[in-house]
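Inspection log for the structure reproduced underneath, given as structure tokens.
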Amino acid sequence: MGVALVAAACMNQPQQTSTSVNNTAVSNNSTVSTSTNTNTTAQPAIPVNDSVTLPVLDAMFADEQFASDLKSKLGLTDEQIQKIEEASRNAVLSLDEADENASTKKSVAKANDEVKKIIGEDKARQLFELARQRWSGSDQDMALSGRPNSVPTDSRIVINAPAYRMDVYRDGKLEHSYKVGIGYPEFPLPHGLRQAKSIIFNPTWTPPDEPWVKGKFAPGKKVEAGSKDNPLGPIKIPIGLPSLIHGGKNPGKLGTFASHGCVGLTNKGIETFAPELAALGGSQLSDADITNYQKDRSKTDELKLANPVPVELRYETIVVENGQVHIYRDVYELGTNTEDNLRKVLAVYGVNFDDLDQNVKDQLMQALQSMAVDAHGDPVDESANQNTNNKSKKGKITTTIKGQKEAVVTVPQLAGKGYPAPVNLVG
């Protein structure tokens, strides 16, 4: 049985999943999650998978239903499933927590290669599509707009990974914003629509038997709730396998990579956020309640929300905000910082790129180019899908971002338009 990615740093129990999916609606590029070329006869180097890494597959194997689905829906044999599970587990075991020249795209390419060797390209496509559906967690009962930079008209949480930003909306009004840490490139935060159904206080944590744990914790020995060594902090909020929103982060880890597939906040941040989430879910949670939960940090408690709260996980690297175009680093290398995507975003606000002043166009194109790079500053290149030879044999996790994370260009025609600026920002 694979050990869940969330057990690596975020959680140690399976969480709710959904079966329907809308992979494309949360990205600037409507083809980000389905970007395989449909001309299969003319393009031999079509990527089988463009987002799921072996560590993500390892997390999915923690749910026995995933292996059952591979057998019943894809017709894989027990031997094939076991080989895929072993490859996924070995990929996690080979990782270490340190800076290294790895990336999301290289990790995805490795997953492509390993799975294709075991079951062939056609079955690999089917497997990764099934994995993407489970990973995005979209729920058909919750609307997900395909419009770039869409502003919710309901109550929900919106998290945009490249902006390291989480927003709380109530009835279409932005009430609070948070600066967050996101998953490492090898453990990327998914994009799609999830639900928050409960708030767990004083969570325990069981360290997995993985390289990054050794020397710090004893694998399998539970770290009690309230321990200074518990990376989850005082509160965790499951939002569907394999992710959580949780505390425990140093302020220096906000605005960068901070977790194995989760959304990270400081303890102060999660204690501020939890009552807001409870209110959106029709439940009561006061500061006094939180204080009472913390009186006995060794006791784990759960508050189940009266109504699930939608949690929208976006990957938007081009965002218009009050007359400015914010172009964020393509840290998960999804190829979103393109002129075509920029034109689509501008069109949402009634602006034609060709009508802009030449100086503004030059600034925008320069910004796109500067942000179309991975965490190491290397250009996001489709050839990386086919080349895994430059991946370190040590397989270390990418924990920091080198260089600028954002470029901002003022466009006069966009004055007063765009996605709301952060409100009551908690960092």
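Descriptive notes on the structure:
- Residue that is farthest from residue 269 (Cα to Cα) [pool: residues in region 150-184 that are of a type in the set (Gly, Ala, Ser) and out of contact with any strand residue (DSSP E or B) (no Cβ under 7 Å at 6 or more places or on another chain)]: 150
- From the list 200, 182, the one residue that fits, being more than 12 Å from the chain's Cα centre (by Cα), at pLDDT 85 or above and either of a type in the set (Lys, Arg) or not assigned by TED's automatic domain parsing to the domain that holds residue 89 (or both), is 200.
- From 298, 286, residue being farther than 19 Å from residue 232 by Cα and either surrounded by 15 or more Cβ atoms within 10 Å (Cβ to Cβ) or out of contact with any His (no Cβ under 8 Å at 6 or more places or on another chain) (or both): 286
- Hey, residue 144 in contact with a strand residue (DSSP E or B) (Cβ under 6 Å, 6 or more places away or on another chain) and modelled with pLDDT under 90 or not: yes
- Long-range neighbours under 9 Å by Cβ, at least six apart or interchain, first residue without any contact (Cβ under 8 Å) to a residue 40 or more places away in the chain and not assigned by TED's automatic domain parsing to the domain that holds residue 61 within region 238-262, second of a type in the set (D, E, K, R) and buried (at least 24 other Cβ atoms within 10 Å of the Cβ): 247/236; 248/236
- Condition met for residue 154 (more than 24 Å from residue 317 (Cα to Cα), modelled with pLDDT of 80 or more and more than 20 Å from the chain's Cα centre (by Cα)): no
- Among the residues making up region 321-376, those that are in a helix (DSSP H, G or I), buried (at least 17 other Cβ atoms within 10 Å of the Cβ) and in contact with a Lys or Arg (Cβ under 8 Å, 6 or more places away or on another chain) are 353, 371.
- Pairs with Cβ under 9 Å, 6+ apart, first in region 113-126 and in the same structural domain as residue 77 (by TED's automatic domain parsing), second buried (at least 18 other Cβ atoms within 10 Å of the Cβ) and aromatic (Phe, Trp, Tyr): 115/128
The values are calculated or read from the model by the stated rules, or taken from the named source; none is laboratory data. In this text the structure is predicted, and so the values were computed from the model without any measurement. A quick note on method: Cβ atoms are made from the backbone with ideal geometry, for glycine too, and the neighbour counts reach across all protein chains shown.
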